[in-house]
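S.K.: Take a look at this one; I'll ask things after.
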Amino acid sequence: MTNLLTIENLHARISGGRDILKGIDLTVKAGEVHAIMGPNGAGKSTLSSVLAGKPGYEVTVGSVLYQGNELQGLGPDERAREGIFLAFQYPVEIPGVNNMYFLRAALNAVRKQRGEAELDAAQFMKAVKAKLSLLDISDDLLKRPVNVGFSGGEKKRNEIFQMAMLEPKLAILDETDSGLDIDALRAVANGVNRLRDPGRAIVMITHYQRLLDYIEPDFVHVLADGKIVASGDKTLATDLEARGYAHLASAA
Amino acid sequence: MTVIKPEAAPYIAAYRAGVDTAEPDWLRARREAAIEQFATLGFPTRNDEAWRFTNLRPLAGAALPLAAASLPNPAIDGIALGVPTYRLVLHNGIPVPALSSTQALPAGVWFGTVAEVLNVRPELLKSAFVSSDFAGNQPFAALNAAMFRGGFVLTLEPGVKLEAPVEIIHFNSGTATHTRCAILVGEGASATVVEMFSGVGAGWSNVVAQVELGDGANLRHIKIQSEAAESIHLSVTRAVLASAATYSDLILSLGGRLTREDIHVALSGQGADYTLNAANLLRDQQETTFAPFVEHQVAGCTSRQTVKAVVAERAHGVFLGTIAVHPGADQTDAKQTNRNLLLDAGATVDTRPELEIYADDVKCSHGATVGDLDDAAFFYLQARGIDPHTARQMLVEAFAADIIDTANVSEDLSAYLHNHLSTWLGGLG
């Protein structure tokens, strides 16, 4: 099977700053779930920002191939339409923009790119209802402005709901577990698990092992000081929980 | 011997040429006094504190022609509300009966042009005219007092409640049009008035309006300023609210090269309430000065002002807002907010919110912000596949549409206002 994502010797930084990523190599195939773990300051959020195309970050060395094509130079909206989805660590509140209006614009942009017909209001609502029941989300979230007045758990669930609607090929979950109590974590994790698919890859970026109790990864990588210092299966995560990052970080 | 300002000369000549000897003496005397006042004042300059941010150069060219008597009727499709209203169309201030529909008004409502009022109910005009003759040092109001021909008067007898909106379409086809308007709502009466300013060419609309609300009266006043791109729109509104009267003012300003909106609201009866929601949308080299002055004259009144501006390209937005609380106006509850969204490096904003408080027991707040698009929100929308152009439009629309959505107008009016906003956004680069 061809690689969905191939990261080679990636060095990246916040524009004008020092390199935060210092040579990352990572290969992700469709259907796989990867967890990237690491201590604070390891570069986890920088990695997700670079993959999503967030302004203010620059790649200094190396390449990021998505479906065989270089991602650098593509805007965040182009990446999203090509099937890359970033679930935000801190979903942004956008007063005045209705959640449904926003999501329909997003879905139709993505569908257009895929060569599918745009959905009218009725077709869109039908699609929404189907995904809501899949994820056990109440529809009152939808009537509000994007993320405005949502609890932490609602925001994260809304991210997963958007993911369900947009059906990305590559989903990057950036600290999706942060700020969630155990019930909310379980609900979000269940949603993600239902979105596991042979055609879809998921990269989870997380600080804690506990997310991996709910979403079982195929591979676990440890990121420390801008490099992947260890890779393995899920037992690596358990090992980390017991021993901490320090012994790996010092090897970086 | 008074000194006549040079820029006033062509206007004085036009005034002299247009004197109508058939008008009542009191009116002619007032016009004469007003033109003398204008002759001495001339145009304001940047040395006048109230005009220091306003660039009047677009007015400095040759004096614009007054309206010719007969012109083809303007096309009002897309301008008119499109729902049943009591409608008056004024073309350069001159009524267009073929496009108007003011017949079916209920008893107790009087709605007509200035000329009709002079014939039928001169006392109405005199009262509104005299009370709006506050011009003081406002030269354009003085010029209006001297020159006005067109305009409208709407009066509601006590207790009359008008369901359908009263709609006035002011269409300027490139002339100097001095318009005088009066809305007089009697005790306990209520109405919705929608004024649309539209036009073609490089005209000048110089509007003076008087609003008087009796005890417990209720007026919803919506104004859309969508004049031609090269035109000038100067407007002075004076409103006086009696006890427990409610005035809801909504202004969407989109057109014109140079716009100035002076609004003077006197809360003169206990429990009167004024709400202003305004959005000024500016691009190209447009300039708008928005100057509300809200005066709490007695105790227990409330006022809420939210004025927003979207300033793109090389446009310039000015906000000069004042809340004045008189001695004894205790339990005043007043709030004023000015928010500005700058979209381009060449866009500028001057904002000066002011409080003048001479009472002790009051709750007053004001604030102004100037900012650009929220980068985080802009990225978030794009991260979901929405292109940057659309994302920007969505965020600008959200910023401005809030003015419409919080005003709680009917669905028809809301759709009408949203349409005008969307049209403007569609032209945004």
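S.K.: Could you work out the mean count of beta carbons from other protein chains within 10 Å of each residue's beta carbon in A:107-114?
M.R.: Taking the mean over all residues of the peptide, I get 2.
S.K.: Sticking with this one: Please report, in debye to the nearest 20, how large the charge dipole of chain A is about its Cα centre when each Lys and Arg carries +1 at its beta carbon and each Asp and Glu carries -1 there.
M.R.: Charge dipole, chain A, about its Cα centre: 380 debye, nearest 20.
S.K.: Could you work out which residue, out of B:G93, B:G108, B:G255, moves most in a Gaussian network model of chain B, that is, has the largest mean-square fluctuation with Cα springs under 10 Å?
M.R.: B:G108
S.K.: Right, next: Report the Cα centroid-to-centroid distance between the range B:161-175 and the range B:233-311 in angstrom, as an integer.
M.R.: Each part's Cα centre sits 19 Å from the other's.
S.K.: How far apart, in nanometres, would the label points at B:Q103 and A:N40 be if each is projected 7 angstrom from Cα along the Cα-to-Cβ direction?
M.R.: Simple spin-label model gives 7.8 nm for this pair.
S.K.: Using a 1.4 Å probe, what is the accessible area per residue for the range B:1-128, in Å²?
M.R.: Here the residues of the range B:1-128 average 56 Å² of exposed surface.
S.K.: Here is a further query. Just to confirm the filter: which chymotrypsin sites (Phe, Trp or Tyr not before Pro) across the range B:228-305 are DSSP coil and have at most 13 other Cβ within 10 angstrom of their Cβ?
M.R.: Taking the range B:228-305 and a limit of 13 other Cβ atoms within 10 Å, no loop chymotrypsin sites (Phe, Trp or Tyr not before Pro) are found.
S.K.: Between B:E116 and A:A117, what's the calculated FRET efficiency when r is the beta-carbon distance and R0 is 60 Å? Round to 0.05.
M.R.: 0.60
S.K.: If you count, for every residue in A:98-104, the Cβ atoms of partner chains within 10 Å of its Cβ, what is the mean?
M.R.: So the per-residue partner count for this stretch is 2.
S.K.: Using helices alone, what [θ] at 222 nm do you get for chain B, with -39,500 (n - 2.57) per DSSP H run of 4 or more residues, divided over all residues and rounded to the nearest 500?
M.R.: -7000 deg cm²/dmol
S.K.: So between B:N55 and B:E163, what do we pick up on full extension, going 0.36 nm a residue minus the alpha carbon distance?
M.R.: 34.8 nm
S.K.: If you roll a 1.4 Å probe over the heavy atoms of the protein chains, what accessible area per residue do you get for the range A:92-223, in Å²?
M.R.: 41
S.K.: Residues of the range A:66-89 losing 30 Å² or more of accessible area relative to the isolated chain, 1.4 Å probe, heavy atoms only?
M.R.: Flagged in the range A:66-89: A:P76, A:D77, A:A80, A:F88.
S.K.: Greater than 20 Å separation of Cα atoms is the criterion. Which listed pairs, B:K335/B:K363; A:K54/A:K131; A:K143/A:K169; A:K29/A:K155, meet it?
M.R.: Beyond 20 Å: A:K54/A:K131; A:K143/A:K169; A:K29/A:K155.
S.K.: Given the protein chains as shown and a 1.4 Å probe, how many square angstrom of A:E82 are accessible, to the nearest 10?
M.R.: 70
S.K.: How far, in nm, would the chain grow between B:Q270 and B:W26 when pulled straight, counting 0.36 nm per residue and subtracting the alpha carbon separation?
M.R.: Between B:Q270 and B:W26, full extension yields an extra 84.5 nm.
S.K.: Compare the Cα positions of A:G232, A:V220, A:P198 along the charge dipole of the range A:160-245 (+1 at Cβ of Lys, Arg; -1 at Cβ of Asp, Glu; about the Cα centre) and return the one farthest towards the positive end.
M.R.: Working it through, the farthest residue towards the positive pole turns out to be A:P198.
S.K.: So the label point goes 7 Å from the Cα of B:H389 along Cα→C-beta, right? Which residues of the range B:395-429 then have their backbone N under 17 Å from it?
M.R.: Of the residues in the range B:395-429, B:395-397, B:422-429 have backbone N under 17 Å from the label point off B:H389.
S.K.: Right, here's the next one. At a 1.4 Å probe radius, carbon and sulfur cover how many percent of the accessible area of the protein assembly as shown?
M.R.: The C+S portion of the solvent-accessible surface of the protein assembly as shown is 51 percent.
S.K.: Nearest 0.05, what FRET efficiency do B:E123 and B:A33 give at R0 = 25 Å with Cβ-Cβ as r?
M.R.: 0.80
S.K.: I would also like to ask the following. Any idea of the accessible area per residue across the range B:356-410, 1.4 Å probe, to the nearest Å²?
M.R.: On a per-residue basis, 46 Å².
S.K.: How many Å² of accessible surface get buried when B and A come together, counting both sides, probe radius 1.4 Å, rounded to the nearest 100?
M.R.: Separately minus together, B and A give about 1700 Å² buried.
S.K.: Placing +1 at every Lys and Arg Cβ and -1 at every Asp and Glu Cβ, with all other atoms neutral, what dipole size does the range A:66-149 have around its Cα centre, in debye to the nearest 20?
M.R.: 220
S.K.: Given the peptides B:397-405, A:237-245, arrange them by the average over their residues of other C-beta atoms within 10 Å, most packed first.
M.R.: Those peptides, ordered most packed to least, come out B:397-405, A:237-245.
S.K.: Here is a further query. Net charge near A:Y66, counting Lys/Arg +1 and Asp/Glu -1 over other residues with Cβ under 13 Å of its Cβ?
M.R.: After counting each charged neighbour, the total is 0.
S.K.: Could you calculate the FRET efficiency of B:R16 with B:T40 from 1/(1 + (r/R0)^6), where r is the beta carbon distance between them and R0 is 25 Å, rounded to 0.05?
M.R.: So, using R0 = 25 Å, E works out to roughly 0.95.
S.K.: State, as an integer percentage, the relative contact order of chain B based on alpha-carbon contacts under 8 Å between residues 6 or more apart.
M.R.: In percent, rounded to a whole number, it is 9.
S.K.: Sort the range A:1-63 into rounded, prolate or oblate with this rule: let a ≥ b ≥ c be the square roots of the eigenvalues of the Cα gyration tensor; rounded if a/c is under 1.5, and if a/c is not under 1.5, prolate when a/b is larger than b/c, oblate otherwise.
M.R.: Judged from the Cα gyration tensor, the range A:1-63 comes out prolate (a/c at least 1.5, a/b above b/c).
S.K.: Let me ask something else. Positive end of the charge dipole of the range B:175-302 (Lys, Arg +1 and Asp, Glu -1 on Cβ, about the Cα centre): tell me which of B:G186, B:A209, B:F293 has its Cα farthest that way.
M.R.: Sorting the options by dipole projection puts first B:A209.
S.K.: Would you tally the net charge around B:K223, using a Cβ to Cβ cut-off of less than 9 Å, leaving B:K223 out, and scoring K and R as +1, D and E as -1?
M.R.: Spelling it out: positives minus negatives among the neighbours equals -3.
S.K.: Next up: Treating only the Cβ of Lys, Arg, Asp and Glu as charged (+1, +1, -1, -1), what charge dipole size does the protein assembly as shown show about its Cα centre? Round to the nearest 20 debye.
M.R.: The calculated dipole for the protein assembly as shown is roughly 920 debye.
S.K.: Of the listed peptides A:103-115, A:129-141, what is their order by residue-averaged count of other C-beta atoms within 10 Å, with the highest listed first?
M.R.: So the order, starting with the most tightly packed, is A:103-115, A:129-141.
S.K.: Among B:G151, B:A347, B:T332, which residue has its Cα furthest toward the positive end of the charge dipole of the protein assembly as shown, with +1 on Lys/Arg Cβ and -1 on Asp/Glu Cβ?
M.R.: Result: B:A347.
S.K.: Top mean-square fluctuation among A:M163, A:M125, A:M37, Gaussian network model of chain A, C-alpha springs under 10 Å?
M.R.: Among A:M163, A:M125, A:M37, the largest mean-square fluctuation in the Gaussian network model of chain A belongs to A:M125.
The values are calculated or read from the model by the stated rules, or taken from the named source; none is laboratory data. Keep in mind the model is a prediction, meaning the values are calculated, not measured. Cβ atoms come from the backbone with ideal geometry, glycine included; neighbour counts cover every protein chain shown. Side chains are part of the model used for accessible areas, which takes the heavy atoms of the whole protein and leaves out ligands, DNA and RNA. Shrake-Rupley method; radii C 1.70, N 1.55, O 1.52, S 1.80 Å.
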